[in-house]
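Colleague: Starting off with a structure, shown below.
Just so it is clear, none of the values below were taken in a lab; they were calculated from the coordinates. Predicted model only: the values in this text are computed from it and were never measured. A quick note on method: Cβ atoms are made from the backbone with ideal geometry, for glycine too, and the neighbour counts reach across all protein chains shown.
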Amino acid sequence: MKYDSVFKPGLFAGETHVVTGGGSGIGRCIAHELAALGAHVAIVGRKAEKLDAVAAEIEEDGGSVSRHVLDIREEDDVKRVVGEILAGTGGVHGLVNNAGGQFPSPLAGISAKGFETVVRTNLTGGFLVARELFNQHMNKRGGNIVNIIADMWEGMPGMGHSGAARAGMLNLTQTAAVEWAPAGVRVNAVAPGWVASSGLDTYTDPFVKSMIPRLKDSVPLKRLATEAEVSSAVCFLLSPGAAFITGDCIRVDGGAPCNSRMYPLQDHDRSKPYNGFHRYKAPASLVGDDG
């Protein structure tokens, strides 16, 4: 079996795309789809074993991939690894700033260190990777950048540090879209809502775990997104079909922010998910639930 993408075969043939956080979850899925569409994919992450596993999958499926261990929060390391990727590939056509992470906590319980760590992971690190790719390559050759943010439109109670960082990344996206347009660089964002991805299994707090199966109840489409549905939005923004789109954000959230809480949502099963990712496995937190 191979990735069943909705896009034409060979869409990214001859191109190189960088995916941060490519060792698991949504990033893993995006890397697989890009490779299935002909791209050489440079996957970046902090844990070599995760990158090795995804690289082996992509190679087994006939794709082209390289893996690069990097903590995107470390400026000197970002400069070095971006240089290595460029030296090894001759150029980069697209960047998917997917790496991120957070922990649940009310604002009153977040230390300065905890807050700063989440901001560095979800905002500063993405900025550093984008800046280096621009300064080292895209300022002369052009390219596309897609920043993965989150559904933070009405605040993010319980994860205020992440919400602040993601909102900052959206503003950074809009700013970069203007400043880097003369170089032929488009910069956009994708904001996933609740996704049935392995990231759900990183939350160990009993209360949070108990909430996960009920997340769909607040979504008008009455389900969670698949990883492939997020990847499709990313691939579209990287494609020539999005050539006149920059500084924008595609929400992949099932309409959750549109729910006013005053209008009763009706139960239904009319929204049928798309899942072209042949290696997808449901997170343990949703096993036994229809997701």
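Colleague: Report, to the nearest 10°, how far helix 25-36 tilts away from the longest principal axis of the Cα atoms in the chain, using its own Cα long axis and a range of 0 to 90°.
Modeller: 40 degrees
Colleague: Take the residue pairs 79/140; 2/47; 50/113 and return only those whose Cα atoms are more than 23 Å apart.
Modeller: On the way: 79/140 17 Å; 2/47 25 Å; 50/113 26 Å.
From the list (79/140; 2/47; 50/113), the Cα-Cα distance tops 23 Å for 2/47; 50/113.
Colleague: Okay, moving on. Between the helical axis of 227-238 and the dominant principal axis of the chain, each derived from Cα atoms, what acute angle in degrees is found, rounded to the nearest 10?
Modeller: Relative to the chain, helix 227-238 is tipped by roughly 40 degrees.
Colleague: Ok, one more. Which of 259, 188, 275 moves the most in a Gaussian network model of the chain with Cα springs under 10 Å?
Modeller: 259
Colleague: If you wrap region 16-286's Cα atoms in a convex hull and average its projection over all directions, what's the area in nm²?
Modeller: Details: hull surface 57.9 nm².
Convex hull of Cα atoms, orientation-averaged projection: 14.5 nm².
Colleague: Please list the non-local residues whose amide H lies under 5 Å from the amide H of residue 145, H modeled 1.01 Å from N, same-chain partners needing a gap of 5 or more.
Modeller: 95, 186, 187, 188
Colleague: Where does helix 75-89 land angle-wise versus the long Cα axis of the chain, in degrees 0 to 90, nearest 10?
Modeller: The angle comes out near 60 degrees.
Colleague: Identify all aspartates and glutamates with a Cα-Cα distance to residue 272 below 13 Å; exclude those on the same chain that are fewer than 8 residues away in sequence.
Modeller: Partners within reach: 229, 290.
Colleague: What 222 nm value per residue comes from the helices of the chain, counting each DSSP H run with n ≥ 4 as -39,500 (n - 2.57) and dividing by all residues, nearest 500 deg cm²/dmol?
Modeller: Details: 8 runs with 95 residues, N = 291.
Result for the chain: -10000 deg cm²/dmol, rounded to the nearest 500.
Colleague: Can you tell me the order of 276-284, 149-157, 130-138 when each peptide is scored by its average per-residue count of other Cβ atoms within 10 angstrom, highest first?
Modeller: Numbers: 276-284: 16.1, 149-157: 17.7, 130-138: 20.2.
Highest to lowest by the protection proxy: 130-138, 149-157, 276-284.
Colleague: Give me the distance between the Cα centres of region 150-197 and region 126-141, rounded to whole Å.
Modeller: Distance between centres, Cα-based: 18 Å.
Colleague: Same structure again: Quick one: in region 188-264, what % of C-alpha pairs are over 15 Å apart?
Modeller: Numbers: 1815 of 2926 pairs.
Summing the P(r) of region 188-264 above 15 Å gives 62 percent of all pairs.
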